[in-house]
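> The structure is given below, and queries will be raised subsequently.
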Amino acid sequence: MHVNPNFEKLPGSYLFAEIARRVKEYSAANPNADIIKLGIGDVTLPLAPVVVSAMKTAADELLSTDTFRGYGPDFGYDFLVNTIREQDYAPRGVTLAFDEVFISDGAKTDTSAIQELFSPDTRIAVTDPVYPVYVDSNAIAGRLGNFVDGRWSNLVYLPCNAENGFVPAVPNVPVDVIYLCYPNNPTGTTLTADQLKPFVDYAKKNNAIIIYDAAYKAFITSDVPHSIYEVEGAREVAIECCSFSKTAGFTGTRCAYTIIPHEVVGLGAQGQKVELNALWKRRMGTKFNGVSYPIQRAAAAVFSPEGKAQCAEAVRYYLRNAKLIRDSLQSQGYTVFGGVDAPYVWLKCPVDSWTFFDTLLNQAHVVGTPGTGFGPSGEGYFRLTAFNTYEKTAEALERMKKL
Ligand code: PLP
């Protein structure tokens, strides 16, 4: 057999693998260096007590024949689906049907798999810089052409930079799918409802759809939508992916959910309208085994009054770190973005972003993420994350001051 040739087109090593390689090499040469990591976006605080308690209770249920569970429903247990509808969406004025909510093991899983519903010639647009998963999953499927000089030949890039205030313009060429992520990884910036509306209008006018990644919505403190469905007309054109990873520290525990309203359609071979909801059900039924019962019980506990309070405390902790990073870098003369509604601070670096990475690693023993790893418009920028401890974050910033 021949392997999928699209893998050969993917650029060298994945961003975080290259970062890990450089850190490992530096640590081997400098074993005494105390390296502080403000790089990868993984949480560090433990799970909320009420979440672990729900997980344990559910595990105990599996000890008895009466309450044992085998294969779960393909799209999630009723108790979790209904909790999400009632606790997450209804309070924002968004009404979802029961079968529009799909429980999964990750927003990465879903944002990378959703492209299986698109025809091979679907034209894709992403904001730039971007979470690499949307791009790589479409590249592996063969939709993006060739990777030349840091750009995919068949991908439409929507630049987000200091010049446009990180507000992307709608595509000026025809596209079928637009990936949006707000609060944004890596820039930490958000869009208001008025800034999102042109994308919804574009999609409606051009028979396009939006994949909206809301993985960081728990970090919103400003008056911006938590869901794309708060924008008028979005139900007709948008799929939304959410996650418990950053909301509730589930990066190791694994649980997420995707919303596909019945109104969202694509065209079939005869030009007829086909509901993406139906296709996703078909795909999930074939390829997905569900999230385990104890984990879905743990996820539901996130929405209990105690769960909300305990998870909000962790989010506040990370946002305090983000504010510290913002304030300190600004006082050091850097231009910074994000960090108000997101655990990411995006700074303009004085040199190219890999040089800045190496300088920070070698001279301050601090690890961040070079912006260029997120797309062509990321060059000249650098991402620091708020997921380390407050003390380590403060120490890293003190070291940067001395650079
Ligand atoms: N979406 C974005 C924008 C992310 O930054 C991440 C993780 O860093 C994910 C999705 C992954 O979410 P999950 O852990 O649910 O797969």
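The values are calculated or read from the model by the stated rules, or taken from the named source; none is laboratory data. Computed from a prediction, not measured in an experiment: that's the story for all the values here. Because the Cβ atoms are built from the backbone with ideal geometry, glycine has one as well, and the counts that use them run over all protein chains shown. Areas reflect the complete protein model, heavy atoms only, side chains present, ligands, DNA and RNA absent. Shrake-Rupley method; radii C 1.70, N 1.55, O 1.52, S 1.80 Å.
> Under 15 Å from the Cβ of SER243, count the other residues' Cβ atoms, weight Lys and Arg +1, Asp and Glu -1, and hand me the total.
Taking every Cβ under 15 Å from that of SER243, the sum is -2.
> Provide the per residue accessible area, probe 1.4 Å, for the chain, rounded to a whole number of square angstrom.
44
> Still on this structure, please answer the following. State to the nearest 20 debye the size of the charge dipole of the chain about its Cα centre, where the only charges are +1 on K and R beta carbons and -1 on D and E beta carbons.
Details: 37 positive and 43 negative charges, 102 e Å.
In total the dipole reaches around 500 debye.
> Also, I was wondering about something else. Given H placed 1.01 Å from N in the peptide plane, which residues other than close sequence neighbours of ILE210 have an amide H under 5 Å from its amide H?
Answer set, sorted by chain and number: ILE178, ALA238, ILE239.
> With a length cut of 15 Å (Cα positions projected on each helix's long axis) and a Kyte-Doolittle mean of at least 1.6, go through the chain and give me the DSSP H helices that pass.
none
> Here is a follow-up. Given a 1.4 Å probe and every protein chain left where it sits, what share in percent of the accessible area of region 145-185 is carbon and sulfur? Please list the in-between numbers first.
Values: 910 of 1760 Å².
For region 145-185, the apolar C and S fraction of the accessible surface comes to 52 percent.
> Using a Förster distance of 41 Å, how high is the FRET efficiency between ALA278 and LYS392, based on the Cβ-Cβ distance and rounded to 0.05?
Here the calculated transfer efficiency is 0.30.
> I would also like to ask the following. Just for region 53-304, what percent of DSSP beta bridges are antiparallel, to the closest 5?
If I count the DSSP bridges inside region 53-304, around 45 percent turn out antiparallel.
> What is the sum of charges, Lys and Arg at +1 and Asp and Glu at -1, for the other residues whose Cβ falls under 10 Å from the Cβ of PHE374? Could you put the intermediate results ahead of the total?
Values: positive: ARG383; negative: ASP128, GLU379.
Computed value for this residue: -1.
> Limiting things to C-alpha atoms, what are the Rg and the maximum Cα-Cα separation (Dmax) for region 292-403, in angstroms?
16.6, 50
> By how many nm would the segment from TYR14 to LEU403 grow when fully extended, if each residue of separation counts as 0.36 nm and the alpha-carbon distance is taken off?
137.2 nm
> For region 76-137, what D do you get in µm² per second when you plug the Kirkwood radius from alpha-carbon pairs into Stokes-Einstein at 4 °C and 1.567 mPa s?
Numbers: Rh = 13.9 Å.
Stokes-Einstein gives a translational diffusion coefficient of 93 µm²/s.
> Suppose only helical runs count, i.e. DSSP H with n ≥ 4. What mean residue ellipticity at 222 nm does that imply for the chain under -39500 (n - 2.57) per run, divided by all residues and rounded to the nearest 500 deg cm²/dmol?
-10500 deg cm²/dmol
> Sticking with this structure for a sec: Between GLU275, GLU391, GLU230, which gets the highest mean-square fluctuation from a Gaussian network model of the chain, Cα cutoff 10 Å?
GLU391
> Would you list TYR157, TYR134 from the most to the least accessible area, probe 1.4 Å?
TYR157, TYR134
> Note down the magnitude of the dipole of region 236-364 about its Cα centre, charges +1 on Lys and Arg C-beta and -1 on Asp and Glu C-beta and zero elsewhere, to the nearest 20 debye. Mind showing how you got there, number by number?
Details: 14 positive and 10 negative charges, 80 e Å.
My answer is approximately 380 debye.
> OK, next. Please report the Cα spread of region 53-304 along all three principal axes, rounded to whole Å, starting with the longest.
That gives 59, 44, 35 Å along the principal axes, largest extent first.
> Also, I was wondering about something else. Expressed in nm to one decimal, what extension gain is obtained for the pair THR335 and ASN32 from 0.36 nm per residue of sequence separation less their Cα-Cα distance? Before the final figure, lay out the partial values.
Details: separation 303, 0.36 × 303 = 109.08 nm, distance 3.18 nm.
The span from THR335 to ASN32 would gain 105.9 nm if fully extended.
> Per residue, what volume in Å³ does the Cα convex hull of region 1-157 take up?
In region 1-157, the Cα convex hull volume per residue is 257 Å³.
> Still on this structure, please answer the following. Output the pairs from LYS246/LYS308; LYS323/LYS401; LYS323/LYS348; LYS197/LYS323; LYS204/LYS273; LYS24/LYS287 with a Cα-Cα distance over 25 Å in this structure; if there are none, say none.
In this structure, LYS197/LYS323; LYS24/LYS287 lie more than 25 Å apart at Cα.
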